[in-house]
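Student: Encoded as structure tokens, here's the structure I'll be asking about.
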Amino acid sequence: MLEEVAVKEPHDLRLMVRLAEGYHQLGARDPDFLQKSEEIVEKARTLSPKHQATRGLHSFILSERGKHEQSIRLARETVALEPRAAKSHYYLGMALAFYLKDMEEEPRATERIGTEVRNELAMARALGAGSGYLTALDNTAVSGNVDVLFGTSAGTAPIVTAAGLRSSRG
């Protein structure tokens, strides 16, 4: 149904973003939906290229599809557009965290990127992203590596899932 409305209203940014978010959530179970989400969010970005939430969703989708360089570049551009916006730093921190999770680099590079992840998420928190974005992240979650973020440490539930951050309620 949402798709039908989107066809009739192709210039409705909010509708396009909601449709992309829906496919993004379905992408946790089926990568074809993640690809569809990427296609829709790219169309949405043509409607409003600087729209922060659209850029953030696009960055998440790129990360989840393993397109880390594109995701990080987009997130850095978003920070450059709005350096005082908490969500911009959040998106960059998460793009870097997804990259760090998948990378198999030398320990120095991993440590450097881990530091950048912590710095960006700390900046996001300092600028006010705590309410809906970072409440699940405490100092231990952004410690020396991102194992706690993704639930790769023994006995931890992931904070970051295919749909983004898990709520602080679990």
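The values are calculated or read from the model by the stated rules, or taken from the named source; none is laboratory data. Nothing here was measured: the structure is a model prediction, and the numbers come from that model. Backbone-built Cβ (ideal geometry, glycine too); neighbour counts: all protein chains shown.
Student: All but one of (1) in a helix (DSSP H, G or I); (2) out of contact with any His (no Cβ under 8 Å at 6 or more places or on another chain) hold for residue 37; which doesn't?
Tutor: Going through the list (1) in a helix (DSSP H, G or I); (2) out of contact with any His (no Cβ under 8 Å at 6 or more places or on another chain), residue 37 breaks only (2).
Student: If you check 26, 81, which single one turns out to be under 23 Å from residue 115 (Cα atoms), surrounded by fewer than 21 Cβ atoms within 10 Å (Cβ to Cβ) and more than 15 Å from the chain's Cα centre (by Cα)?
Tutor: Result: 81 is the single residue among 26, 81 that is under 23 Å from residue 115 (Cα atoms), surrounded by fewer than 21 Cβ atoms within 10 Å (Cβ to Cβ) and more than 15 Å from the chain's Cα centre (by Cα).
Student: For segment 47-78, name all the residues that are surrounded by fewer than 19 Cβ atoms within 10 Å (Cβ to Cβ), of a type in the set (D, E, K, R) and under 24 Å from residue 126 (Cα atoms).
Tutor: 50, 73, 76, 77
Student: Oh, and also: What are the residue pairs meeting all of these: first residue in segment 101-130, first residue more than 19 Å from residue 63 (Cβ to Cβ), second residue at pLDDT 80 or above and of a type in the set (Lys, Arg), Cβ atoms under 8 Å, and 6 or more apart or on different chains?
Tutor: So the pair list comes out as 127/84.
Student: Residues to consider are 100, 149, 137; find the one that is in contact with a strand residue (DSSP E or B) (Cβ under 6 Å, 6 or more places away or on another chain) and modelled with pLDDT under 90.
Tutor: Just one listed residue meets the conditions, 149.
Student: Test of understanding: among 43, 36, which residue is under 24 Å from residue 85 (Cα atoms) and either at pLDDT below 90 or surrounded by fewer than 21 Cβ atoms within 10 Å (Cβ to Cβ) (or both)?
Tutor: None of the others qualify; the one that does is 43.
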